[in-house]
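We did not get these values from a lab; they are worked out from the coordinates using the rules stated. This one's a predicted model, so the numbers in the text were calculated from it and none came from an experiment. Cβ sites come from the backbone with ideal geometry, for glycine too, and all protein chains shown count toward neighbours.
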Amino acid sequence: MTINARLRENPTLQRMPKNEREWTDYTRELAKWVIKIAKLGDGSITTSGGTTISGLDEMPGVVASERSLPMVNIGNLRSVQSSASALSASDGGASATITIAGHTLATTSGDVTFNAGSVTGLSYETTYYVYADGGYTGGAVTYAATTDPTDLVGDLGRYYVGQITTGAAETTSGFSSITLGSPTTINTAAPHGFTSGWTVEIDNIVDSLPGGDMEAALNGNSYVATVTFPAVFTIPYDSSGLTNTYVSSGTATRVVTYPPPLPGGGGGGFEP
């Protein structure tokens, strides 16, 4: 039996869709119809021109919903994530880490819930596109990150989670002394590796009186550093009025900012 003859068996496929909803129903019905006719015969159909298409019997037996179809159809919104973005980035020590929170993908046929996960060993200050393979059933998936956006369409069952740019590496340096004044001068035990203009958070200072005014004034606060020597930098704080003196410890850690991530799914944002 030819394709044209078999199409007459299904009136739904004889009318051209006119809107987005009809296109969804049409593509779903078409997939079911192809599977059905493959099961009725030897897994092949013949076109009106005499060309035989075989191998249809190898297709899965059920198309339950559009979850079995590509997540993104050109020009159409097919899914929306439950949050602005499930992605966050952090410094993993020697490399960057992207963390994916557990989240829900809302579709017209129901919600799909994905478990949390992470991708490690990534480069700093790099834009990544995060995805997961394995269809759209949700649950535990293996997340991956790529710098090439064309990888997002590398597989039919690929779910686009979102886009994120990793921050710079966090840098921490320990103190050897603090000179009170305006500005406050901090000497580090080793070259700090800072650059003027970096924001650093001061912490862990121990002064001459437990809970003294130097600890209270500086610990937990952030300042823009000005580098004067490889092991010296200043912060724009007038400490000349403090009565306690530096005793030990103290660290300065670069404050890393992360650009806001973009969500994925069928309604995902995208910036190449």
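Figures for the structure shown
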{"quantity": "Per-residue HN-Hα couplings for the range 147-153 [Karplus 6.51, -1.76, 1.60; θ = phi - 60°; Hz; x = Gly/Pro]", "calculated": "8, 9, x, 5, 5, 5, 10"}
{"quantity": "Length added when fully stretched, THR51-TRP23, from 0.36 nm per residue minus Cα-Cα", "calculated": "7.4 nm"}
{"quantity": "Estimated inter-spin distance, THR113 and THR150, nm [label 7 Å along Cα→Cβ]", "calculated": "3.9"}
{"quantity": "Amide proton proximity set for ASN115, modelled H, under 5 Å, gap of 5+", "calculated": "GLY139, ALA140, VAL141"}
{"quantity": "Contour minus Cα-Cα distance for VAL255 and THR171 (0.36 nm per residue)", "calculated": "29.4 nm"}
{"quantity": "Relative contact order [Cα under 8 Å, 6+ residues apart], the range 172-254, whole percent", "calculated": "45"}
{"quantity": "Two-site FRET efficiency, ASN221 against ALA190, from Cβ-Cβ distance with R₀ of 30 Å, rounded to 0.05", "calculated": "0.85"}
{"quantity": "Rounded to whole Hz, the Karplus (6.51, -1.76, 1.60) HN-Hα couplings of the range 123-130, x for glycine and proline", "calculated": "7, 6, 6, 9, 7, 10, 10, 9"}
{"quantity": "Sorted by Cβ density within 10 Å, fewest first, the residues ARG254, ARG28", "calculated": "ARG28, ARG254"}
